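Enquirer: I have a structure here, written as structure tokens, and I will follow up with some questions on it.
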């Protein structure tokens, strides 16, 4: 299933719900329908950036503890995509919305 993020500040953004769920969970938002208002945008951007930072730290710690060839090959082959890569388009939409003092919504 797909989810479509919409904002007057950017083109529509399509994302698989399974990929959007952890991002929206970190924002405390419902997967099926929601809005990030202009007033809440700065806090939402900060929360998502914090989640990315935590994920990168965890990934680095996991990599330090598991230096096997198999896990490296799995990452290099593209089987795992980082949360920062998944979040980038949504984060850019949110930043554009913040600049224009507008909202981001989905599920409508």
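Enquirer: Going by the conditions given, is residue 61 over 30 Å from residue 97 (Cα atoms), modelled with pLDDT of 65 or more and either assigned to a helix (DSSP H, G or I) or over 12 Å from the mean Cα position of the chain (by Cα) (or both)?
Expert: Against the criterion (over 30 Å from residue 97 (Cα atoms), modelled with pLDDT of 65 or more and either assigned to a helix (DSSP H, G or I) or over 12 Å from the mean Cα position of the chain (by Cα) (or both)), residue 61 qualifies.
Enquirer: To continue, here is another question. Would you be able to tell me the number of residues in the range 33-49 that are surrounded by fewer than 13 Cβ atoms within 10 Å (Cβ to Cβ) and free of Cβ contacts under 8 Å to residues at least 12 places away in the same chain?
Expert: Result for the range 33-49: 3.
Enquirer: State all residues of the range 4-27 that are touching a helix residue (DSSP H, G or I) at 6+ places or on another chain (Cβ under 8 Å) and loosely packed, with under 13 Cβ neighbours inside 10 Å; if no residue qualifies, say none.
Expert: 8
Enquirer: If residue 30 satisfies all but one of (1) modelled with pLDDT of 95 or more; (2) within 17 Å of residue 93 (Cα to Cα); (3) surrounded by fewer than 18 Cβ atoms within 10 Å (Cβ to Cβ), what's the number of the condition it fails?
Expert: (2)
The values are calculated or read from the model by the stated rules, or taken from the named source; none is laboratory data. Bear in mind that the values here come from a model prediction, so they are computed numbers and not experimental data. Because the Cβ atoms are built from the backbone with ideal geometry, glycine has one as well, and the counts that use them run over all protein chains shown.
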